[in-house]
Each structure stands twice: as C-alpha cells, then as structure tokens.
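To keep things clear, I will list the structure first and then write my remarks on it.
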Amino acid sequence: MRNVFFKEEFISENDLYFVCSMIERIARMIKQPNRYVVNKLGYWALAEKLSLANVLHAENPLAVADDWIDCYGLQSGSHDVTAVNPDYCSSVPTELQMGKVYMRLILMTMDSGEDYAHAILRVYNNSICEIIDDYNCSAYYEPSPFIARSYYAGSFN
C-alpha cells in the first residue's frame, strides 16, 4: 500500500502494527469493540493513519488515542474486554500484544489486490474477532497460522 500523502513511499508492516495497536488501545479506553473503532474511522481515515504511522509512533500513544477519539467522535460504551474471569485468564494481553495478533492475521489473510486499510476493515468486521477478543479462552495466543485457518473456517474448532 502506498502512502496517501507521499505516493513514492510505501506503508510498512510496522505501520500496520502501530494502527492495530492503536485500535486496540482506543477500544479499551472507550469500552467498545474493535470493530466499532474501525468502522467509525472508515477506509480513508485508516489509510491516513497508516500513512502517518511512521511519525505518530513517536508521539505519546495516550495523546494519539485521545486525538483519534475526539476527531472521530468515538463514544464510550460498556464492552470491557479486560473484565476477565481470573480462573480462566491470569493476565490480560496488552494492546501491543493484541496489535501484533491482528497485524499477523491481516497479513496472513490479505488478498493480492487488497491494501492494508481494506484488510483492517475486513478482518475486524469478521465474527471470529469476538472469539479472539474473549480472553477467557485461548484463541488470542494460538499460533498465527492456526488463527488464520480458524478465520477462514469461521471458528476455532
């Protein structure tokens, strides 16, 4: 995918990782599912954020998150992925860990003609994300190829 501001530059996998991590951070901050954040931003905003990621990663992530929340009018909800049963989950994965899970899933399932922004929208709107984001089960720490196969199968069976 090319940078929307500087057409000669390409978006890197690290830029994708940054955006996926920010989506996770923001969703947790406002207690909304990741797909809510992705859908409120939409394709063009995601393409812009991917294009600016190489600069934004040097900023305070909380300030970046607050900016995105304000800019896109993201509303608070009651979906708290960190509210886990301690009998099933001893520690909640970090935003960075989940950003890496989603980055890998996006990369492993991308079509040849698809760009990162479209792939983000596709993956985060798939019902498999509800299972990945349920930290009371083991889906989020399964090997990336298994998560990708489960994505295609529509379930973690």
Identify all residues within the range 30-48 that are crowded, with 17+ Cβ neighbours inside 10 Å and touching a helix residue (DSSP H, G or I) at 6+ places or on another chain (Cβ under 6 Å); write none if there are none.
34, 35, 37, 38, 46, 47
Cβ-Cβ under 9 Å, sequence separation 6+ or interchain: first residue in the range 74-88 and small (Gly, Ala, Ser), partner open to solvent by 70 Å² or more (accessible area, probe 1.4 Å). Which pairs?
76/29; 76/31; 77/31; 78/31
Search result, residues across the range 135-147 that are touching a residue at least 24 places away in the same chain (Cβ under 8 Å) and either surrounded by 18 or more Cβ atoms within 10 Å (Cβ to Cβ) or under 18 Å from residue 81 (Cα atoms) (or both)
135, 136, 137, 140, 141, 147
Being modelled with pLDDT of 95 or more and open to solvent by 80 Å² or more (accessible area, probe 1.4 Å) is the filter; apply it to the range 62-91 and report the residue that is nearest to residue 42 (Cα to Cα).
71
Out of (1) basic (Lys, Arg); (2) open to solvent by 50 Å² or more (accessible area, probe 1.4 Å); (3) in a helix (DSSP H, G or I), what's the single condition that is false for residue 7?
(3)
So in the range 98-113, with the set limited to residues that are open to solvent by 60 Å² or more (accessible area, probe 1.4 Å) and touching a residue at least 40 places away in the same chain (Cβ under 8 Å), which one is farthest from the chain's Cα centre (by Cα)?
108
What's the number of the only condition in (1) open to solvent by 50 Å² or more (accessible area, probe 1.4 Å); (2) at positive phi that residue 94 fails to meet?
(2)
Residues that are aromatic (Phe, Trp, Tyr), within 13 Å of the chain's Cα centre (by Cα) and more than 21 Å from residue 142 (Cα to Cα): does the range 68-87 have at least one?
no
Here is a check on your reading of the model: is residue 134 under 19 Å from residue 12 (Cα atoms) and charged (D, E, K, R)?
no
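The values are calculated or read from the model by the stated rules, or taken from the named source; none is laboratory data. Predicted model, so just to flag it, every value in this text is computed and none were measured. We place every Cβ from the backbone using ideal geometry, glycine too, and count neighbours over all the protein chains shown. Keep in mind that these areas ignore ligands, DNA and RNA; they rest on the heavy atoms of the full protein, side chains included. Shrake-Rupley method; radii C 1.70, N 1.55, O 1.52, S 1.80 Å.
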